[in-house]
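First the structure, in the form of structure tokens, and then the observations on it.
The values are calculated or read from the model by the stated rules, or taken from the named source; none is laboratory data. Just so it is clear, the structure is predicted and the values come from calculations on it, not from any experiment. In this analysis, Cβ positions are derived from the backbone assuming ideal geometry, glycine residues included, and neighbour counts consider all displayed protein chains. Please note that ligands, DNA and RNA were not included when accessible areas were found on the heavy atoms of the full protein model with its side chains. Shrake-Rupley method; radii C 1.70, N 1.55, O 1.52, S 1.80 Å.
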Amino acid sequence: MMRKKPLIIGAGVVLGAAALFVLDTVIDGGAFKTIEPHFAGSCTAVQGVIGAEDITVDHASGFAYISSHDRREWMRTGVSEGGIYRYRPGSMAAPLVIPHDMTTSFHPHGISLWKNPTGGRDRLFVVNHPNKGDGEVTMDNAGSQVEVFEILDDSLRHIRSVKPSDGFSLNDVAADGPDSFYATIDKGSETPFGKVIETFARLPRGGIARGNEFTVTRMVGGLVYPNGIQVSDDGGTVLVAETTGSRILAYDRADDGGLTLKAEFDTGTTLDNIEWGEDGSIWIGSHAIALKFPGHAKDAANRSPSQVLRLTFDGTAFDMEEIYLNDGEPLSGSSVAAPAGNRFLIGGVFDPMILDCGPKEAE
């Protein structure tokens, strides 16, 4: 009979540890966070584009490029095609889709603009999740590859598709040359069940990949759901934002493309895509209450707060300011905040609009 006591104690320890883990996950997911919407400026809802998951701005031309895909329709029917849109911040005109010559399925995710330093054609790098085959479609059973486009005057010319060497899941991309890029591996697991466990248990199985004309290979591991990625204008720094890990990571980039971690910062919130401001500031679209996002993904009526962070980095440490916060209206599930002059654009994973935000107009 005396042997039961250690077993009971052991079971209690296990259950207690599990309870603490669940509580920690719930707290980090924002369950007890109080939302107090604020923004010092004003925003206009611009219709005409669905699921603007990522946006990047060409500061030279003033145009924004928007990665768009109706993901709810895709998951429901498996036949929804996405596209790249062009929009001029501040114009409030409907974004215009840019024609392209791809003939295979196009479901764009992360996007990156490479500016040609010689004055030739610029390029867009886009993470694409083409259908694997017939049957029910979800983000978890879609493939991952990077599409490279040349930007023509009024269209996109497809240069190539670059596929990973393994079946890992790509999320965002950051070009550092006409044929080279980095990409985030948001989940290291390759099965739907494994990806769910990895996400909710916050297992460090994600990483950073390196891509060229031929393939994409893993180069850094041990990250917790890495999402947004960017390369600095001088090419010396690579930034990565973790979603469930909540950290922003800064890496020194060697001449051969190798990465060495030099700084990290816990933002205390759920991060998505990263964009650079012209002044070197770092803008991140975030999910203030991450636990509400899965419900929003299933049903548009379930709103999920949108959050915009602005960070600065001096090469050693980060400083952070919350620029914008809403309660899920008018835009839910913000995934990107792209600065453009004194304005910025907010995109979301599912909503049929973007927000064009700037200073309040004088009354």
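The residues in region 251-265 that are open to solvent by 30 Å² or more (accessible area, probe 1.4 Å) and in contact (Cβ under 8 Å) with a residue 12 or more places away in the chain can be counted, and the count is 7.
Can you tell me which residue among GLY83, GLY51, GLY62 is modelled with pLDDT of 95 or more and touching a helix residue (DSSP H, G or I) at 6+ places or on another chain (Cβ under 7 Å)? Write out each step before concluding.
On the way: GLY83 fails: touching a helix residue (DSSP H, G or I) at 6+ places or on another chain (Cβ under 7 Å); GLY62 fails: touching a helix residue (DSSP H, G or I) at 6+ places or on another chain (Cβ under 7 Å).
The unique qualifying residue is GLY51.
Annotation: GLU213 fulfils all but one of (1) surrounded by fewer than 23 Cβ atoms within 10 Å (Cβ to Cβ); (2) in a loop (DSSP other than H, G, I, E, B); (3) within 17 Å of the chain's Cα centre (by Cα); the unmet one is (3).
Only one residue in GLY268, GLY280 is over 18 Å from the mean Cα position of the chain (by Cα) and either open to solvent by less than 30 Å² (accessible area, probe 1.4 Å) or more than 18 Å from GLY206 (Cα to Cα) (or both). Which one? Don't jump to the end; show me each part of the working.
On the way: GLY268 fails: over 18 Å from the mean Cα position of the chain (by Cα).
The conditions single out GLY280.
Going residue by residue through region 154-177, is there one that turns out to be in contact with an Asp or Glu (Cβ under 6 Å, 6 or more places away or on another chain), farther than 28 Å from LEU96 by Cβ and either modelled with pLDDT of 95 or more or among the aromatic types (Phe, Trp, Tyr) (or both)? Taking every residue of region 154-177 in turn, none turns out to be in contact with an Asp or Glu (Cβ under 6 Å, 6 or more places away or on another chain), farther than 28 Å from LEU96 by Cβ and either modelled with pLDDT of 95 or more or among the aromatic types (Phe, Trp, Tyr) (or both).
What tally of residues in region 78-101 results from selecting those that are buried (at least 18 other Cβ atoms within 10 Å of the Cβ) and either closer than 14 Å to ILE66 by Cβ or not polar (S, T, N, Q) (or both)? Step through it out loud before you land on a result.
From region 78-101, those buried (at least 18 other Cβ atoms within 10 Å of the Cβ) are 80, 82-85, 87, 89, 95, 98, 100; that's our starting set.
Among the residues that remain, those that are also either closer than 14 Å to ILE66 by Cβ or not polar (S, T, N, Q) (or both) are: 82-85, 87, 89, 95, 98, 100.
Here the count works out to 9.
Taking LEU223, is it out of contact with any Lys or Arg (no Cβ under 9 Å at 6 or more places or on another chain), crowded, with 19+ Cβ neighbours inside 10 Å and under 27 Å from GLY280 (Cβ atoms)? Against the criterion (out of contact with any Lys or Arg (no Cβ under 9 Å at 6 or more places or on another chain), crowded, with 19+ Cβ neighbours inside 10 Å and under 27 Å from GLY280 (Cβ atoms)), LEU223 does not qualify.
Yes or no, residue by residue, for (1) open to solvent by 50 Å² or more (accessible area, probe 1.4 Å); (2) over 14 Å from THR243 (Cα atoms); (3) touching a strand residue (DSSP E or B) at 6+ places or on another chain (Cβ under 7 Å):
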{"position": "GLY315", "(1), (2), (3)": "no, yes, no"}
{"position": "ASP319", "(1), (2), (3)": "yes, yes, yes"}
{"position": "GLU329", "(1), (2), (3)": "yes, yes, no"}
{"position": "SER334", "(1), (2), (3)": "no, no, yes"}
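Residues that are open to solvent by less than 10 Å² (accessible area, probe 1.4 Å) and either of a type outside the set (Asp, Glu) or farther than 21 Å from ALA290 by Cα (or both) within region 227-250 comprise ASN227, GLY228, ILE229, VAL238, LEU239, VAL240, ALA241, ILE248, LEU249, ALA250, listed in sequence order. Residue count for region 177-210, restricted to those that are assigned to a loop (DSSP other than H, G, I, E, B) and over 18 Å from the mean Cα position of the chain (by Cα): 9. Regarding ALA31, is this residue touching a helix residue (DSSP H, G or I) at 6+ places or on another chain (Cβ under 7 Å) and either modelled with pLDDT of 95 or more or surrounded by 11 or more Cβ atoms within 10 Å (Cβ to Cβ) (or both)? Taking the combined requirement at face value, the residue satisfies it. Taking region 298-313 as the range and being open to solvent by 70 Å² or more (accessible area, probe 1.4 Å) and farther than 20 Å from GLY348 by Cα as the test, no residue passes. Residues that are among the acidic types (Asp, Glu) and touching a residue at least 60 places away in the same chain (Cβ under 8 Å) within region 71-108 are absent altogether.
Please pick out the residue among PRO192, PRO178, PRO204 that is within 16 Å of PRO226 (Cβ to Cβ) and open to solvent by 50 Å² or more (accessible area, probe 1.4 Å). Outline the logic, then answer.
On the way: PRO192 fails: within 16 Å of PRO226 (Cβ to Cβ); PRO178 fails: within 16 Å of PRO226 (Cβ to Cβ).
Criteria check complete, one pass: PRO204.
Residues in region 105-117 include none that are hydroxyl-bearing (Ser, Thr, Tyr), open to solvent by less than 50 Å² (accessible area, probe 1.4 Å) and touching a Gly at 6+ places or on another chain (Cβ under 8 Å).
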